[in-house]
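Okay, so here's the structure we're looking at.
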DNA sequence: TTTTTTTTGAGGTACGCACCTCATTTTCTT
DNA sequence: AAGAAAATGAGGTGCGTACCTCAAAAAAAA
């Protein structure tokens with residue numbers, strides 16, 4: 001049988017009340033007795049039953065996920081996974097609240113965060129660009145005992161408790177290896193397309209990409225980044241012009257969104273299958289593009305894992321429980337047509 | 001506030017005892033009242049608090065993991081992950097027992113499985129080749145209410161509840177795409193090395209590999225499988241002979257274990273960096289080989305996820321709770337040097 | 001209708017823990 | 001040594017659920 005607090009009390013020769021005081025770090029216990037209890041815990045291998053503890057605590061984990069109002073496929077996927085996780089989380093007395101903020105307005109974001117303490121939120125997962133205002137808002141939350149986790153893109157200079165997401169620079173390096181090897185040996189040009197190089201993720205990926213291409217594939221020439229500024233039309237235009245202007249372009253690396261517009265313009269120019277197209281994030285469109293052979297590979301992170309990991313980390317933080325680093329390490333996934341995850345229904 | 005059984009009873013106009021009977025599918029309730037209770041549950045959005053339920057049930061999940069006594073790196077990794085999971089599982093009142101069976105003795109395996117009911121085991125995760133004796137043993141376990149999950153390699157013709165692992169044929173296809181693209185355009189030969197083609201996994205991977213090479217890379221010629229029979233010496237000899245005999249061998253596909261011997265013989269012949277070597281399973285040696293550039297890519301499954309998924313599935317089965325297919329779907333992971341998972345200490 | 005069977009209700013105990021109060025004991029001050 | 005302060009003990013209640021018993025009510029069978 002697993003030892004319980006009663007066993008600890010007996011072993012340590014103290015009362016239940018004292019064990020309780022030690023376990024929950026309540027004041028009024030001598031150092032000496034704390035040691036006695038700790039020894040008993042160690043000796044018996046006691047592990048607190050968190051389920052029972054939380055039941056008694058009447059603890060209802062309210063977790064907020066704060067996301068930008070961007071209409072991108074990625075954020076939509078994230079929302080979908082959150083909806084799924086919400087249902088599962090209910091049985092573990094965890095409520096998920098999704099909060100949307102205007103992506104271009106750091107002040108509005110800070111105002112929304114400032115409201116969280118009143119909502120009795122235990123933790124926040126935050127997907128937002130780092131700004132000075134945000135730094136202060138996070139600091140304020142932490143001071144009020146609310147855990148903060150950075151989601152997807154890190155907030156390294158803030159006091160966030162944890163970062164849940166992948167290393168975008170490593171993701172860029174991974175793309176580069178694939179691009180370089182898929183292109184083959186001859187001299188080639190690679191175009192890089194991004195929504196905007198003001199986005200951290202894009203910059204980091206590009207940095208990693210250039211790093212590896214420069215080091216391992218000297219014959220490959222990476223062209224300057226083309227920016228779409230979020231407009232499919234612009235993307236089509238700039239890529240079209242680029243392809244007409246340069247000869248010897250063998251691959252295109254898409255740093256962010258715009259898969260549809262990109263595969264379309266390649267189709268229009270009759271170049272499908274002749275270019276190595278590599279992008280990020282496995283959305284439904286990208287899935288189709290992989291199956292159709294319009295993209296060679298996608299570097300992605302598992303959004304389901306992302307959400308569950310953020311939830312586990314937030315729970316661990318509010319429970320003051322250690323985090324299993326191995327489990328929370330998100331992988332940089334490479335997806336080709338042949339290892340596309342099958343839908344649930346296809347699995348036996 | 002979340003509704004509780006008391007709210008359900010009030011809403012349905014029945015007593016607590018009746019709600020309990022319905023929730024736990026106890027006999028002696030009229031269809032009509034079952035409906036009334038179900039309606040109340042739906043109306044109030046009641047979700048059973050599994051933490052409290054399991055606490056009251058005094059349920060201690062004893063799960064057995066039955067593994068072969070093979071000394072392979074993969075099985076060792078699996079054992080290591082099980083050890084880690086054991087600690088974490090304790091807090092969730094789950095005990096893990098690892099049972100080892102002689103890999104060549106199906107009767108001994110069956111005998112071990114037959115002992116499980118006495119041990120009050122709730123579920124079994126099983127990594128073993130399918131035999132008629134095993135089929136019967138699994139059937140017997142299921143009849144006694146013990147859930148059975150096939151681990152790593154499926155047991156499709158048995159009555160196992162679930163399979164936790166990857167599709168090896170798809171893994172072979174994925175290897176083929178990488179091999180084909182990494183080799184480039186010219187005509188090339190690819191050697192395939194396996195421990196033994198009597199192993200299911202090896203056969204399935206080879207099937208998938210041939211399928212894609214044949215379809216998408218007509219210029220690539222796949223040589224007959226070389227078998228090492230588990231001996232590093234044999235592997236070195238046969239691969240060495242092969243490389244001397246055939247010219248134009250551009251790649252080697254390693255279906256199972258033997259990474260060390262393979263990279264060594266390539267080294268000895270001074271061919272490191274000139275051959276595209278692709279293998280399976282990310283063990284420490286393989287990790288080193290990737291970093292040193294002695295292997296180009298590895299197709300693997302996340303053993304940590306494997307273990308946790310098996311545990312979750314077993315728990316769900318014993319709780320008669322639905323399974324989140326998305327979460328339990330194991331990915332076929334492609335690992336290159338650049339997306340090697342960093343150790344826990346490197347993340348921050 | 002009476003008897004038998006089936007359903008339902010009422011109430012209790014337990015799970016492992018948190019948190020509270022009040023009395024009692026021990027330790028420290030002066 | 002007396003008083004003040006700190007530490008500890010004893011005991012209770014409740015969290016949401018499972019599971020048990022026994023009595024009472026309702027429905028079905030005779």
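See the values below:
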read-out	value
Cβ-vector label at 7 Å, residue A:312, separations to other copies in nm	0.8
Angle between chain A longest axis and helix A:303-319 axis [Cα atoms, degrees, rounded to 10]	20 degrees
Within 10 Å of each Cβ in B:53-60, the average number of Cβ atoms from other chains	2
With Cα atoms, 0 to 90° folded angle of helix A:31-44 axis to chain A main axis	70 degrees
Among B:13, B:186, B:273, residue whose mean-square fluctuation peaks in a GNM of chain B (springs only between Cα atoms under 10 Å)	B:13
Euclidean distance of C-alpha centroids, region B:259-287 and region B:97-115, integer Å	34 Å
Chain A: angle of helix A:106-115 to the longest principal axis, Cα-based, in degrees nearest 10	20 degrees
Neighbour-count order for A:107, A:305, fewest beta carbons within 10 angstrom listed first	A:107, A:305
Extended-chain gain in nm, criterion 0.36 nm per residue less alpha-carbon gap, residue B:56 and residue B:6	16.4 nm
Rounded FRET efficiency, nearest 0.05, which uses the C-beta distance separating residue B:269 from residue B:47 and R0 of 56 Å	0.35
Spherically averaged projected area of chain A from its Cα convex hull (nm²)	22.2 nm²
Centroid-to-centroid separation of region A:7-45 and region B:175-220 [C-alpha atoms, Å]	62 Å
Chain A: most fluctuating residue of A:252, A:133, A:166 per GNM, C-alpha cutoff 10 Å	A:133
Antiparallel %, DSSP beta bridges [both residues in region B:127-238], to 5	0 percent
Residue B:17 paired with residue A:288, simple spin-label distance in nm, labels 7 Å along Cα-to-beta-carbon	6.0 nm
Cα gyration tensor shape for the protein assembly as shown, rounded if a/c is under 1.5, else prolate or oblate	oblate
Calculated [θ] (222 nm, deg cm²/dmol) that DSSP helices of n ≥ 4 give over chain B, each run adding -39,500 (n - 2.57)	-14500 deg cm²/dmol
Rounded FRET efficiency, nearest 0.05, which uses the C-beta distance separating residue B:215 from residue A:247 and R0 of 30 Å	0.50
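Each reported figure results from applying straightforward, stated rules to the coordinates on display, with no laboratory input. Just so it is clear, the model here is predicted, and its values are computed rather than measured. No Cβ is skipped: glycine too gets one built from the backbone with ideal geometry, and neighbour counts run over all protein chains shown.
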